[in-house]
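> First the structure, which I've put down as structure tokens, then a few questions once you've had a look.
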Amino acid sequence: MTQKEALEILKMGYNCYVTGAAGSGKTYVLNEYIKFLRQNNISVGVTASTGIAATHMGGTTIHSWSGIGIRDEISVYDLEEMETKKYLYDRFKETKVLIIDEISMLHHFRLDLIEKIARHLKRNQLPFGGMQIVLCGDFFQLPPVTRAGERESFFSFKSETWKNLDLKICYLEEQHRHKDDKFIKILNDIRKNRMSEESLKNLKSRHNKDVENDIKPTKLHTHNIDVDFINNAELDKLSGQTYVFKMESKGRGPLVESLKKSCLAPDCLRLKVGAKVMFVKNNFEEGYANGTLGKIISCNYSCPKVMLTSGKIINVEKAEWMIEEEGKRKALIEQFPLRLAWAITVHKSQGMSLDSVEVDLSKSFEKGMGYVALSRVRTLAGLKIIGLNDNALQVREDVMEFDEELREKSIEDRQWLNSLDDKDVKEIQEQFLEKIAPAGKSSPIKKVGKNKQNRISPSEETRNMLEQGMSIKEIIAIRGIKQGTIIDHIEKLLIKYPELNINHLKNELTANKFKKAWMTFREMYGENRDFLLAPIKNKLGDSFTYEELRIVRLFAKRNL
């Protein structure tokens, strides 16, 4: 799926999971959607499972936003206590869209707890209290960190909430970071847990091989102790004055400490002329982003100057990180958005794009760590490997299997989108905006028709025709819209009107074809209600169209 297609689906108001390989532009899609919502004055919760990821979008952690904190259980008394916090109650009441990035690092039970809080505070028993939910991430990235004493945790896709959200899957296939075909194949082979001899040979060719550009590589290590040692040692090698910048803070102690932990900028920043640095915040207007590399070319206590690898010089000003509640700043920290960058940890590199990397994976302790580290660099020529262990190139089997399901579902959702007329897409987007936008705020999407307020929605028109016993073919003939559009209407209607009589639609297929497809659904899925069409289509072959299988699925979802 393309970024444009994913945005079209998001703007239609569906719950979505935006995913794709490293460098496919997931954060870009989220930022574009956030911009669209804010242009329409829609209250959106911008969150991520980690503070680092949240800073990429100007958000906060889902733990802080939801009020869950570090809890791994929520009692009735906890819910009642949360209800007394006006800022929290109002936040849930007003929020129409909730975004959670880096969903791979959120424990499955915490997603369920956050969903429970949302239903309670919004007084609505729909999933997440009826908010549109946009999850984003890549389960090939690093999993949740489980600390001593915490309950057993799994990836969030194994939660009850995930099953109930009925997510559209937007699997981004474009590649915006990696332009090197050999390197793309290596990364794809790791994701498939099937490293070819050719890819392994190409990867090993970078063992202790200097990078093929003029940029001194950033060193990626798996442990903080190694990173700190390297950075301090490299800084001490430089001659000249050391400038020390202490982070400034305002607000309540616990909130300030939470901000500091989620911020990549250090509490105490030591710089010298010649120091290799990395920007740790996005500021596209000034010409840098999180992960942009450079070198200190002059320094004083008011304005360090950084030359980027492109040759551009930036006068660096202090940046702010803050926590807001009820529109008021509760905690604020200020620091230059820089850190020493001779070395960083693999965990902190997630989401970064680097031109030159030297990676030591000899102490890898988590499956997926190698994939995260290698996928940070744009080209094979920009990579130097100084160590690998048995864990480094492995990925989890359950993640690999689930990824296949996601790809199949994304293909189905893309076909569904492309089966819709542009007019119908805009109509659905317009209806969603009117539903969630504040009263009196107009939509930027062009309105269709002069007396729209007197018209019923396209899906309600379909409902009226179904109740008259019309077939899909008859509805198409009268209204001039595509079969896929009608089936999409019916899928939504059955959620809203579970008792809607559609038995006559069995006649859209011959009795033998309907029975054959019906039995295949039963054999392949039983009580499992995921109902992916691609496996059914592969088994039945070209004698069935996707539209025919979607019709049978209407009955399978209702009756299996």
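> Using only the alpha-carbon atoms, how far is helix 26-39 inclined from the longest principal axis of the chain? Give it as 0 to 90 degrees, nearest 10.
70 degrees
> Report the chymotrypsin sites (Phe, Trp or Tyr not before Pro) located in the stretch 295-367 that are in a DSSP loop and have at most 12 other Cβ atoms inside 10 Å of their Cβ, or state none.
Loop-located and lightly packed - TYR301, PHE365.
> Taking 0.36 nm per residue of sequence separation and subtracting the Cα-Cα distance, how much length would be gained by fully extending the chain between ARG396 and LYS158, in nm to one decimal?
Gain on stretching ARG396 to LYS158: 84.3 nm.
> Please work out the FRET efficiency for the pair VAL273 and LEU200, using the Cβ-Cβ distance as r and a Förster radius of 51 Å; give the result to the nearest 0.05.
Rounded to the nearest 0.05, the efficiency is 0.75.
> OK, next. What distance in nm separates the two pseudo spin-label positions at ASN538 and ASP72, each 7 Å out from Cα along the beta-carbon direction?
3.6 nm
> To the nearest 10 Å², what's LEU393's accessible area with a 1.4 Å probe?
40 Å²
> Right, another one. Could you tell me which label, among (1) 42, 26, 24; (2) 50, 34, 19; (3) 45, 29, 22, carries the value of semi-axes √(5λ) of the Cα gyration tensor in Å calculated for this structure?
(3)
> Separation between the ARG252 and GLU320 pseudo-spin-labels, each 7 Å from Cα along Cα→Cβ, expressed in nm?
2.0 nm
> How large is the helix-only mean residue ellipticity at 222 nm for the chain, computed as the sum of -39500 (n - 2.57) over DSSP H runs with n ≥ 4, divided by its residue count, in deg cm²/dmol to the nearest 500?
About -12000 deg cm²/dmol.
> A further question on this structure: For a test of understanding, tell me how many lysine pairs in the stretch 212-324 have Cα atoms under 13 Å apart, given they are 8 or more places apart or on different chains.
Total qualifying Lys-Lys pairs in the stretch 212-324 comes to 16.
> Right, another one. So if R0 is 45 Å, what FRET efficiency would TYR89 and ASP422 give, r being the distance between their Cβ atoms, rounded to the nearest 0.05?
0.65
> First compute the accessible area of the chain with a 1.4 Å probe, then give the percent of it belonging to carbon and sulfur atoms.
So the carbon and sulfur contribution to the accessible surface is 48 percent.
> Which listed residue (PHE555, LEU269, SER298) has the Cα farthest towards the positive end of the charge dipole for the chain, taking +1 on Lys and Arg C-beta and -1 on Asp and Glu C-beta about the Cα centre?
Value: SER298.
> So what is the relative contact order for the stretch 157-308, in percent, with contacts set as C-alpha pairs under 8 Å and at least six apart?
It rounds to 12 percent for the stretch 157-308.
> Give me the number: length gained by fully extending GLU334 to CYS303, i.e. 0.36 nm times residue separation minus the C-alpha to C-alpha distance, one decimal in nm.
Stretched out fully, the GLU334 to CYS303 stretch lengthens by 9.8 nm.
> Residue farthest toward the positive end of the dipole of the chain, with Cβ of Lys/Arg at +1 and Asp/Glu at -1: which of VAL97, MET524, LEU466?
Of the options given, the answer is VAL97.
> Sticking with this structure for a sec: With an 8 Å cut-off on Cα pairs and a minimum separation of 6 or more residues, tell me the relative contact order of the chain in percent.
Result for the chain is 15 percent.
> Give, as a single signed number, the net charge of other residues whose beta carbon lies under 11 Å from the beta carbon of ARG479, with Lys and Arg counted +1 and Asp and Glu -1.
-3
> Simple spin-label model, 7 Å along Cα-to-Cβ: ASN512 to GLU547 in nm?
2.2 nm
> Now for a separate question. Only loop residues by DSSP count here, and only those with at most 14 other Cβ atoms within 10 Å; note down the GluC sites (Glu not before Pro) in the stretch 1-54 that meet that.
none
> Follow-up. Over the chain, average the accessible area per residue using a 1.4 Å probe and give it in Å², no decimals.
It amounts to 47 Å² per residue over the chain.
> Using the crude model of +1 on Lys and Arg Cβ and -1 on Asp and Glu Cβ, and no other charge, please compute the dipole size for the chain relative to its Cα centre, in debye to 20.
The calculated dipole for the chain is roughly 840 debye.
> Name the trypsin sites (Lys or Arg not before Pro) in the stretch 199-285 that are in a loop by DSSP and that have at most 13 other C-beta atoms within 10 Å, would you?
In loop regions of the stretch 199-285 (DSSP not H, G, I, E or B), the sparsely surrounded trypsin sites (Lys or Arg not before Pro) are ARG252.
The values are calculated or read from the model by the stated rules, or taken from the named source; none is laboratory data. Keep in mind it's a predicted model, so treat the numbers as computed, not measured. Cβ sites come from the backbone with ideal geometry, for glycine too, and all protein chains shown count toward neighbours. Just so you know, the surface numbers come from the protein's heavy atoms only, side chains and all, with ligands and any DNA or RNA stripped out. Shrake-Rupley method; radii C 1.70, N 1.55, O 1.52, S 1.80 Å.
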